[in-house]
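What follows draws every value from the coordinates through simple rules; no lab data is involved. From a predicted model like this one, the values you see are computed outputs, not experimental measurements. Positions of Cβ are backbone-derived with ideal geometry, glycine not excepted, and every protein chain shown enters the neighbour counts.
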Amino acid sequence: MQIRDYVVVHDCGRVINPLILDGQIHGGVAQGVGNAFFEHLVVDSAGQLQNASFMDYLLPTASDVPRIRIDHVETPAADTPLGVKGAGEAGCIPTGALFAQAVEDALGIEGLELLEIPLSPNRLFELARGAREEAPE
């Protein structure tokens, strides 16, 4: 997987500390990458967690997180004293869906609709194979 460009434009109201704000967005993107490609809780039929260590539960590392270009739109919130809004969500909330859509588009397989994350290589292979088998000839 190679992410060529990642851009976040966010309206968090008045920007108080640009460096901390950028850090929140970078952290959110890292969390979103984890949700999209790595993090998956496995539980057995009794609800017991089966991958409770970092040996089994994968997280993204610095090499998995792309370079991020960030821009801010400042529309002060009318209902907060400083005009600020939330900031970290811009990085993590849309990431899984946008990567699923990008992978779906890049593969170009008729009938393939990615509706789940994480997109592990094995699961992605299964979904792609299923779409090809169901495609009309």
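State to the nearest 20 debye the size of the charge dipole of the range 7-134 about its Cα centre, where the only charges are +1 on K and R beta carbons and -1 on D and E beta carbons.
400
Residues of the range 105-127 with an amide N closer than 15 Å to a point placed 7 Å from the Cα of ASP44 along the Cα-to-Cβ direction: none. Determine Rg/Rh for the range 52-133; Rg is computed over alpha-carbon atoms and Rh is the Kirkwood hydrodynamic estimate from the same atoms. Rg/Rh for the range 52-133 comes to 1.11.
Ranked by the mean number of other Cβ atoms within 10 Å per residue, highest first, peptides 103-110, 18-25 order as 18-25, 103-110. Between the C-alpha center of the range 17-72 and that of the range 109-128 there is a gap of 19 Å.
Would you mind estimating how fast the chain diffuses translationally, via Stokes-Einstein at 4 °C and 1.567 mPa s with the Kirkwood radius over Cα pairs, in µm²/s? Roughly 76 µm²/s, to the nearest whole number. Dipole of the range 7-134 computed with +1 at Lys/Arg Cβ and -1 at Asp/Glu Cβ about the Cα centre; of VAL84, ASN51, GLY111, farthest Cα towards the positive end is VAL84. Largest GNM mean-square fluctuation among GLN31, GLN50, GLN101, using the chain with Cα springs under 10 Å: GLN50.
Does anyone have the angle between helix 18-33 and the longest principal axis of the chain? Alpha-carbon axes, 0 to 90°, nearest 10? It works out to around 10 degrees.
Given a cut-off of 22 Å, what percent of all Cα-Cα pairs of the range 1-79 lie beyond it?
44
How much length, in nm to one decimal, is gained on full extension between ARG14 and LEU98, taken as 0.36 nm per residue of separation minus their Cα-Cα distance?
27.6 nm
Farthest towards the positive end of the charge dipole of the chain, among the residues VAL42, GLN2, ALA97, is the Cα of GLN2, using unit charges on the Cβ of Lys, Arg, Asp and Glu. Per-residue ellipticity at 222 nm for the chain, helices alone: DSSP H runs ≥ 4 residues times -39500 (n - 2.57), over residue total, nearest 500 deg cm²/dmol? Result for the chain, helices only: -10500 deg cm²/dmol. Full-extension gain between GLU126 and VAL7, please, as 0.36 nm times their residue separation minus the C-alpha to C-alpha distance. Stretched fully, the GLU126-VAL7 segment lengthens by 39.9 nm. Its alpha carbons considered, the range 1-43 gives a radius of gyration followed by a Dmax of 13.6, 42 Å.
Packing, as the average of other Cβ atoms within 10 Å across residues, places the peptides 130-137, 84-91, 36-43 in the order 84-91, 36-43, 130-137, highest first.
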